[in-house]
């Protein structure tokens, strides 16, 4: 029987743990530690859809207030004159992430205090630890890949609300971290790869369109460039930053202007901006601004079209902001699943600043700048070629660090999602299991919240693909695909009529917007979505010898037609011309 005197662990240092005491952890704990100490992993309760909607609206309100205030300081610091939409291109994605993570940590702490008998916290001391990352990408990765950093984030929030949480806090001091800069060699390689782009900009006029990383298949993207009468080009992101040290004095000066009047999460977020904002927006911004004006980009582009450079390419984002300021049109394309369907994506910055957002089929009065086109990846050739020798069941896994992106998705979902596949493998017939390939990815080989998962399925005696092989070669073997998450791959497969099923968490529909519930329920009714592993196993055992017959049945095809309608449209030979017409109309 557990005592009511639980100690919350928010550190990586377990040297002070007592085998006779009870501990709580917000992260998955290794079996080795569980054998030594009494540690309970906290299972956070899944929210209702209403709570999700309310909380994301709350975060958006904070975002709208803060971005206006930070814009004035940003322009003052760098002697620039960006407007709000332009500034959103530069900093919007990071600011949303920072707000979401702050609110997520705060609500985790609230839940623990209200629902667990906590007598004390063993906490990582944050005062000597720098929470400042190089850029938005390293900030986004830090939540899952840098536990020490994440614990210090918790620590900072706890100290801000110290009187509202626990008075008794055990402090463990750790050494301050040292900023790690990207290796120069890799960036030199990127410069070489960009040589053709440099050359083209020198030899052609500078009003050519910038079309890159559109999520179209490679040759389709090049065809689009030809439609606009320009020679196909190549652009590789440059992640190298000017290695300037953290400007402590500058950050302290502006932090002193943001002293909070109240003790709430909004005040924490605003008053700590300069303790978190990455170097790419302060110390390295002038470097990024200079590179954005170089021959890496056309000086006076007809327009800009990308589908993912707007997330993490800091130099491109400055370039795009400058061009928007010059009244150039910016087209952002959908680059994956969950746009519009998932609540988490309701307030993406690109819905605000893009001239037009080019979706895979979705349009709504709620998003005035969204134009419904087609699933860009569906233009991939030969993906649906019939092959009677296909005999494999391919199981695709999500990147394990994506749980950090969501307000209500916690680390325990990693082990839960893996366990669902674990139990599925136990319950399928041997002949099916013998033809199973597990398609994992690079995140399985990294420490995610302190754990490495590459060996999770080693005792199941199934083939494991590490994710390096081209996915088209994997699909050539696929009789049936199973996704353990709501996947872009699932959308691509059903667009191309490849038999596919999703196995999701039991509360997943709570994360879906109301106007998409009917679509998802249609998939559930036709056994294209499952929430229970044994039910999926029974279904696969039943249809294995006639997967094609089941997939081509009227019920399944009608369900897919309803789901894809105005959401996931298959492209055709005229799709690029349609895309070019939409762009031409809006430049």
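The values are calculated or read from the model by the stated rules, or taken from the named source; none is laboratory data. None of the values given here were measured: they were computed from a predicted structure. Cβ sites come from the backbone with ideal geometry, for glycine too, and all protein chains shown count toward neighbours.
Filtering 126, 159 for residues that are farther than 25 Å from residue 412 by Cβ and free of Cβ contacts under 8 Å to residues at least 40 places away in the same chain leaves a single hit, 159.
Just so you know, in the range 224-243 the residues that are in a loop (DSSP other than H, G, I, E, B), touching a residue at least 24 places away in the same chain (Cβ under 8 Å) and over 28 Å from the mean Cα position of the chain (by Cα) include one that is surrounded by the fewest Cβ atoms within 10 Å (Cβ to Cβ), and it is 231. If you check 569, 583 for being in contact with a strand residue (DSSP E or B) (Cβ under 8 Å, 6 or more places away or on another chain), over 17 Å from residue 495 (Cα atoms) and in contact (Cβ under 8 Å) with a residue 60 or more places away in the chain, only one passes: 583. For residue 407, the conditions (1) farther than 30 Å from residue 542 by Cβ; (2) without any contact (Cβ under 8 Å) to a residue 40 or more places away in the chain; (3) in contact with a helix residue (DSSP H, G or I) (Cβ under 9 Å, 6 or more places away or on another chain) are fulfilled apart from (2).
Scan the range 458-479 and report the pairs whose first residue is within 19 Å of residue 540 (Cα to Cα) and assigned by TED's automatic domain parsing to the domain that holds residue 540 and whose second residue is in a helix (DSSP H, G or I) and at pLDDT 90 or above, with Cβ atoms within less than 7 Å and a gap of 6+ or a chain change. Note: pairs meeting the criteria are 460/425; 462/425; 462/433; 479/547.
Yes or no, residue by residue, for (1) in a helix (DSSP H, G or I); (2) under 29 Å from residue 534 (Cβ atoms); (3) more than 19 Å from the chain's Cα centre (by Cα):
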{"position": "393", "(1), (2), (3)": "no, yes, yes"}
{"position": "415", "(1), (2), (3)": "yes, yes, no"}
{"position": "420", "(1), (2), (3)": "yes, yes, yes"}
{"position": "437", "(1), (2), (3)": "no, yes, yes"}
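For the range 429-438, the set of residues classified as touching a helix residue (DSSP H, G or I) at 6+ places or on another chain (Cβ under 6 Å) and buried (at least 18 other Cβ atoms within 10 Å of the Cβ) consists of 432 only. Here residue 549 fulfils each of the conditions (1) modelled with pLDDT of 95 or more; (2) within 20 Å of residue 434 (Cα to Cα); (3) surrounded by fewer than 16 Cβ atoms within 10 Å (Cβ to Cβ) apart from (2). Every test in (1) at pLDDT 95 or above; (2) in a helix (DSSP H, G or I); (3) within 24 Å of the chain's Cα centre (by Cα) is passed by residue 424 save one, and that test is (3).
Restricting the range 24-40 to residues that are farther than 16 Å from residue 109 by Cβ and in contact (Cβ under 8 Å) with a residue 24 or more places away in the chain, which is farthest from the chain's Cα centre (by Cα)? The qualifying residue farthest from the chain's Cα centre (by Cα) is 38. Does residue 555 qualify as being more than 28 Å from the chain's Cα centre (by Cα), over 23 Å from residue 363 (Cα atoms) and buried (at least 19 other Cβ atoms within 10 Å of the Cβ)? No; evaluated as a whole, the condition is false for this residue. Going by the structure shown, is residue 560 more than 25 Å from the chain's Cα centre (by Cα), in the same structural domain as residue 412 (by TED's automatic domain parsing) and either crowded, with 16+ Cβ neighbours inside 10 Å or in a strand (DSSP E or B) (or both)? Criteria met by residue 560.
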